[in-house]
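This report concerns only the one structure given below.
The values are calculated or read from the model by the stated rules, or taken from the named source; none is laboratory data. Small disclaimer: the values here were computed from a predicted structure and weren't measured. Heads up, the Cβs are rebuilt from the backbone with ideal geometry, glycines too, and the neighbour counts pull from every protein chain shown. These accessible areas exclude ligands, DNA and RNA; they are computed on the full protein's heavy atoms, side chains included. Shrake-Rupley method; radii C 1.70, N 1.55, O 1.52, S 1.80 Å.
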Amino acid sequence: MKLPKELLNGIVIFTGIGLYFLLMELLHLSNLYYLRLLNILFVYYGANRTLQSNFREGEIFFATNAVSAFLTSLAGIFLSTAGLLAYIYAKGGDAYIQNLSQTFLFVGTPTAVTYTITLLIEGIVSALIVTFSLMLFWKNKYPSD
């Protein structure tokens, strides 16, 4: 059984983000919040791979490609969020969150679930932004409706 390209490219996003954050952790750079913002590049890369694949396959309908790019981004975001939650619990759960949340704007002491839900919402919004910006980039490839 062949996995859909949206899921495969979502796994590419998850792998890229996971390796990037593990490297940041190993280099003791995980406390630098502005380096965390670069994970959007992995989402762009995965969603763009899906759009390129669609274009090679002859899929030129704008809405179909927008949905495909969004599903790719969402797959990567959901997998990354689940991976982060597993990593947080492997490192100590809520106690480890106190170390992570120092550079984010959380009031009080967030739990692991609160932290990951917040990042999931942020990820969904970034998936929308990535999809819209990529569709604007690719607009000359797809006809207007």
* Cβ charges +1 (Lys, Arg) and -1 (Asp, Glu), total dipole of region 1-139, debye -> 240 debye
* Give me the distance in nm between label points sitting 7 Å out from Cα along the Cα-to-Cβ direction at Tyr33 and Asn140, one decimal. => 3.8 nm
* Solvent-accessible area, 1.4 Å probe, carbon plus sulfur percent, for the chain -> 71 percent
* If the chain between Ala63 and Leu8 were fully stretched, how many nm would it gain, using 0.36 nm times the residue separation less the Cα-Cα distance? -> 17.8 nm
* Asked: Taking only protein heavy atoms and a 1.4 Å probe, what accessible area per residue, in Å², does the chain have with all protein chains in place?
  -> 60 Å²
* Asked: Pulled fully out, how much extra length does the chain show between Leu41 and Phe55, if you take 0.36 nm times their separation in residues and subtract their Cα-Cα distance?
  -> 3.0 nm
* With Rg and the Kirkwood Rh both taken from Cα atoms, where does Rg over Rh land for the chain? -> 1.04
